[in-house]
Amino acid sequence: MKNTNILILGSGGREHAFAWKLAQSKRLNKLFIAPGNAGTLQHGINVNLSVNDFEGIKVFCLENAIDLLVVGPEEPLVRGIHDFFLADPVLKHIPVIGPQKAGAVLEGSKAFSKEFMKRHSIPTAAYGTFTAQTLGEAELFLEGLDAPYVLKADGLAAGKGVLIVDTIEQARLELREMLSGNMLGAAGTTVVIEEFLAGVELSVFILTDGKDYLLLPEAKDYKRIGVGDTGLNTGGMGAVSPVPFANEAFMDKVRARIIEPTVKGLHAEGIPYTGFIFFGLIKVQGEPFVIEYNCRMGDPETEAVLPRIQSDLLELLDAAGKGRLSDMRMDIDPRAALTIMLVAGGYPGAYEKGKHITGFESVQDALVFHAGTKEEGGKVVSAGGRVMALTALGDSAFEARERAFQEVKKIQYEHSFYRSDIGKDMLA
Ligand code: AMP
Ligand code: GLY
């Protein structure tokens, strides 16, 4: 393979981690990140383009002889950026890491993903799919379930599409509100109602070319803002990898019952798939169930997972793009990784921006991945709710955790916040 020019789409901690990892490849020529952040600047060139500006991305790829497009977030995939590349005679030779629309719908439509799992006997919560026309049936379905009640908007809703409510009265109200389109717009006019599953969650990732796949290290993410998993949901406040309860026996079940039927199911249905599949799983009495699929890597899981991959990621992505994953293997670092996310004052509500961030350059014993940052007048300032992720490795989860919490103190900005209990539950 010749020296490769890569464009990464996205601007979060996930994309900084991708940039950091790809920059280590001897086969990299030039790396570009659109739009990137102040951290991705350390590894490549930021390009002032929106991830949904397909025409702008086309022009950039042609002018800069891009050989590989790596799509970080779901939105351009669900909108069809991969299809856009394939349909264009001057772009179609550029491999895209991230599925076409037909595969991205695994994330883009909860109703589709639930039907898909049913067709392929993949374990998931019992459910029904309803619209405003079938409100009566939806209410009957709710009455047949036990509390709490899980309501999911069908479409992409930027992390706001899942409601878990304690009483049937509240569930009825929320259901009407969602179906009216007032709450989430078109994303919510079809609603999936699910049985509530009680258990521990984990995130499992594969890289697939549509036929074969490589399993990445698994991770656990911490979704709530508050210590002890309390308060509002966030994009993710931290992650650990590996996950102790995902032992070999459990992962064998995950492969046999979930990953393989998913990859085979996509193939059997004629759905091409190049890229990552993120399985949001829950372990219920020892058995794995799928909570959701995502058509991309997780954030902040990527910041914990990529540092544990020893193989050259560029080679793996190149092989995925060429349908040659069967020739490849992924070497995994046995050490534990722990990621702490530093967030802005106010997050996940309205949050502060423009805060001057200091001290991150003096972190030596850990990796710093920028999330919402930008460079302004030679300074790095906050520009998002999730500001920076810090990942430490250690020979044990305990050691990774000690190191991460030691190093994270060095990063300073006004009203910074992070959860002090990331990984605590993994030590027992
Ligand atoms: P999602 O936005 O699909 O990741 O869902 C957000 C969170 O809601 C998940 O991470 C779970 O914690 C929870 N959740 C979703 N579906 C269920 C379910 N059927 N039973 C229990 N918890 C669920
Ligand atoms: N950390 C969960 C996600 O990326 O969706």
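Summing Lys, Arg as +1 and Asp, Glu as -1, what charge do residues with Cβ under 13 Å from the Cβ of Gly44 carry, Gly44 excluded? Net local charge, Gly44 excluded: +1. Shown here for segment 1-91: GluC sites (Glu not before Pro) in loop regions (DSSP other than H, G, I, E, B) with at most 13 other Cβ atoms within 10 Å, of which there are none.
Among the trypsin sites (Lys or Arg not before Pro) in segment 5-62, those placed in a DSSP loop whose Cβ has at most 13 other Cβ atoms within 10 Å are Lys26.
Under 5 Å between amide hydrogens, built in the peptide plane, is the criterion, and for Gly238 it picks out Tyr222, Met341 among residues at least 5 positions away or on other chains.
Of all accessible surface on the chain at a 1.4 Å probe, what whole percent is carbon and sulfur? Solvent-exposed carbon and sulfur of the chain make up 50 percent of the total.
Taken about its Cα centre, segment 80-207 carries a charge dipole of about 520 debye when Lys and Arg each add +1 at the Cβ and Asp and Glu each add -1 at the Cβ.
With 0.36 nm allotted per residue and the present C-alpha distance subtracted, the Lys353-Val162 stretch has 66.1 nm of extension available.
A crude spin-label estimate for the pair Asn48 and Lys253, with each label 7 Å from Cα along the Cβ direction, gives 5.3 nm.
Rounded to the nearest 500, the helix-only mean residue ellipticity at 222 nm of the chain stands at -7500 deg cm²/dmol, with each DSSP H run of n ≥ 4 adding -39,500 (n - 2.57). Distant-in-sequence amide contacts of Gln100, defined by a placed amide H-H separation under 5 Å and a gap of 5 or more residues or a different chain, comprise Thr274.
Translational diffusion coefficient, Stokes-Einstein: compute it for segment 271-331 using the Kirkwood radius over C-alpha pairs as Rh, at 37 °C and 0.692 mPa s, and state it as an integer in µm² s⁻¹. Intermediate values should be presented prior to the final figure.
Numbers: Rh = 13.5 Å.
Estimated diffusion coefficient is 244 µm²/s.
Excluding same-chain neighbours fewer than eight residues apart, the aspartates and glutamates reachable from Lys58 by a Cα-Cα span under 19 Å are Asp67, Glu74, Glu75, Asp83, Asp88.
What is the local net charge at Leu202, summed over the other residues whose Cβ is closer than 11 Å to its Cβ (Lys, Arg +1; Asp, Glu -1)? With Lys, Arg at +1 and Asp, Glu at -1, the neighbours total -2. Highest-first packing order for the peptide set 382-388, 126-132 is 382-388, 126-132, based on the mean count of other beta carbon atoms within 10 Å. Rounded to the nearest 5, the antiparallel percentage of DSSP beta bridges internal to the chain is 80%.
For the chain, the mean projected area of the C-alpha convex hull, equal to one quarter of the hull surface, is 20.2 nm². For Met388, the amide hydrogen comes within under 5 Å of the amide hydrogens of Leu342, Ala371, Gly372, counting only partners 5 or more places away or on other chains and with H modelled in the peptide plane.
Here the convex hull built on the C-alpha positions of segment 1-48 has a volume of 58 cubic angstrom per residue. Cα centroids of segment 275-326 and segment 354-391: 26 Å apart.
The values are calculated or read from the model by the stated rules, or taken from the named source; none is laboratory data. No experiment lies behind these values; they were computed from the predicted model shown. Don't worry about glycine lacking a Cβ; one is built from the backbone with ideal geometry, like all the others, and counts go over all protein chains shown. Heavy atoms of the whole protein, side chains included, go into the accessibility calculation; ligands, DNA and RNA do not. Shrake-Rupley method; radii C 1.70, N 1.55, O 1.52, S 1.80 Å.
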